[in-house]
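What follows is a set of notes on a single structure, which appears directly below.
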Amino acid sequence: MSRIKGASLVEVVTRHLHAAGRTIAGEKGGRAANTITSAVGLGRIDICDHPACPDCAPTDRT
């Protein structure tokens, strides 16, 4: 598992588990992964689909 610069180990583990769940079982797998990671105190990943979200929308970084 690679360590993302700036991300905590907890975030990296949570994101890997969420990605694995979504890969295996789609949205249902992502919800299952969130349930598991929340239960053990790692947090959850919420995917935002709002195109103008200031936290998620692509930005022009020049």
> Expressed as cubic angstrom per residue, what is the convex hull volume of the alpha carbon set of segment 1-47?
Replying inline: 70 Å³
> According to a simple spin-label model (label point 7 Å from Cα along Cα-to-Cβ), what is the distance in nm between residue 52 and residue 11?
Replying inline: 2.6 nm
>> Apply the Karplus curve 6.51 cos²θ - 1.76 cosθ + 1.60, θ = phi - 60°, to the phi angles in segment 31-39 and return the couplings in whole Hz, x for Gly and Pro.
In response: 5, 5, 4, 4, 4, 5, 5, 5, 5
> Magnitude of the Cβ-charge dipole of segment 1-47, K/R +1 and D/E -1, about the Cα centre, nearest 20 debye?
Replying inline: 80 debye
> In what sequence do 50, 16 fall when counting other Cβ within 10 Å, fewest first?
Replying inline: 50, 16
> What ranking of 35, 14 emerges when the number of other C-beta atoms within 10 Å of each C-beta is taken as an exposure proxy, fewest first?
Replying inline: 35, 14
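Coordinate-derived values only; no laboratory data. Remember, predicted model here, so these are calculated numbers, not experimental data. Using ideal geometry, Cβ is built from the backbone for each residue, glycine included, and neighbour counts are taken over all protein chains shown.
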